[in-house]
1. From the square roots a ≥ b ≥ c of the eigenvalues of the alpha-carbon gyration tensor of segment 166-228, which class results: rounded (a/c under 1.5), prolate (a/b over b/c), or oblate?
2. By average Cβ neighbour count within 10 Å, what is the ranking of 243-251, 224-232 from highest down?
3. Tell me the Kirkwood hydrodynamic radius of segment 268-400 in angstroms, computed as one over the mean inverse distance between distinct C-alpha pairs.
4. Ordering 376, 424 by how much accessible area each has at a 1.4 Å probe, largest first, what is the list?
5. Hey, how much of the P(r) for segment 376-424 falls beyond 14 Å, as a percent of Cα pairs?
6. For segment 209-336, report the % of Cα-Cα distances exceeding 21 Å.
7. At 1.4 Å probe size, with every protein chain present, just tell me what the per residue accessible area of the chain comes to in Å².
8. What Rg and what Dmax come out for the chain when only alpha-carbon atoms are used, in angstroms?
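The values are calculated or read from the model by the stated rules, or taken from the named source; none is laboratory data. Here the structure is a predicted model, which means the values were calculated and not measured. As a convention, Cβ positions derive from the backbone with ideal geometry for all residues, glycine included, and neighbour counts pool all protein chains shown. What goes into the accessible areas is simple: the full protein's heavy atoms, side chains included, and nothing from ligands, DNA or RNA. Shrake-Rupley method; radii C 1.70, N 1.55, O 1.52, S 1.80 Å.
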Amino acid sequence: MIPHDAIDAIDTIDVRPISASDIPDWLRALKTGFLRPPAVSEQEAEARAPVLVPPRTVGAFDGSRCVATFRSFPQELTVVGGAAVPADAISNVTVSPTHRRRGLLTRMMKADLAAARKRGDVVATLIAAEYPIYGRYGFGPVTTNTEWTVDVPRTGLDPRRSGPADGGRIDLVDAEDVRKAGPELHERFRRGRPGAVSRDTRWWEIETGLLRFGDEPRKEPFYAAYRSASGEIEGLVSYESDDNWSDANQPQNTAQVNWLLAVTPAAERALWQYLCSIDWITRVKTGRRAPDDLLPHFLPDPRAARIATQSDWLWVRILDVVRALEARTYGAAGTLVLDVTDESGPDGGRYRLRAAPDGTATCAPTTEDAQLSLSIADLATLWLGDESAVRLVALGRVRERQEGAASVADALLRTSGRPWCPDIF
């Protein structure tokens, strides 16, 4: 609840789309919110301007100073079965420490979600820096990211190994090669991975150093590609190395993976084995990976890969329940009546989901008795198949109105492979 003595202050703060002249101040507020040095160069403002497009780039202004930032942009999200739904991707959300608890985020979020519904977006997406914030706006976590650290000497891999044994090969490539091959490879990847999101040309330009912000020096990474026996690129990896030597003058370097993209298990296996075979590398840090990643079991000794970090990652807010449930496929035939509450928006109601034997489904509002009651946020958490309705019942977040309904929900919604979003935005 907003304190009464803050209401007058709220009324004096102007929340509006930014103009070109606002960009330096908006970027300063963004950096302030993320505790980064607030200086903004002319070069940085000019480089970032193309994505800071009104009306979807918003600032809150107290007088002439920007004190809160918010941006959204078009995105596609892959759902179970490989279809992609239009998403409202939310990013760059900050409120300056002097203006917290004044309802600024709520004002910006409500306006953005209303505009997304009007456009016909099925969901909104974001990466949550802090867990407690976004549930109150109807967002629920839908994917998990896991990072491993691999102790290379313990893997059991043959250090004499020279390359893949499947007829493929590993080639070192340059940034230009990545910009050419990466977009098509990523399209193949994301169509087969629920939770994956689209990437535009700008993403590849930033990742390969063609587009830079500010004057900070960039450390050029190494790039490697896996080519199948037919010569087709089926995997790419970007990685860096530190320069660490022991007291006995022995190399103990760590390879830090920025990203690894593969569309076949053979490509994935070959790239991980390549990274573990580089001279002087004794540790590999994987970067963000799927929680059910194959990596540990590519190694003769899976214990050589230990989990360094595991946490929720992509959050989703469902904006159109019918379209969201009809967009994905289902692992079993059956019917489920859901009573969905939406305290922060208009997307609640009672819905009957009917899945056919071929995996397709229909969904429609209904007046039938509910079998399962849940919030719009918990529906999002179940939607991509990573969470169990039975677990959420045990946690008190979902309520069974009919005995066994949670098990029916799991049979319909759970997936054999876990959803994963490797991107940050």
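1. Verdict is oblate for segment 166-228.
2. Sorting 243-251, 224-232 by mean packing, highest first, produces 224-232, 243-251.
3. Result for segment 268-400 stands at 17.8 Å.
4. So, going from the largest accessible area down, we get 424, 376.
5. Percent of Cα pairs beyond 14 Å in segment 376-424: 50.
6. Tail of the P(r) past 21 Å holds 59 percent of the pairs.
7. 48 Å²
8. Cα radius of gyration and Dmax of the chain are 23.6, 75 Å respectively.
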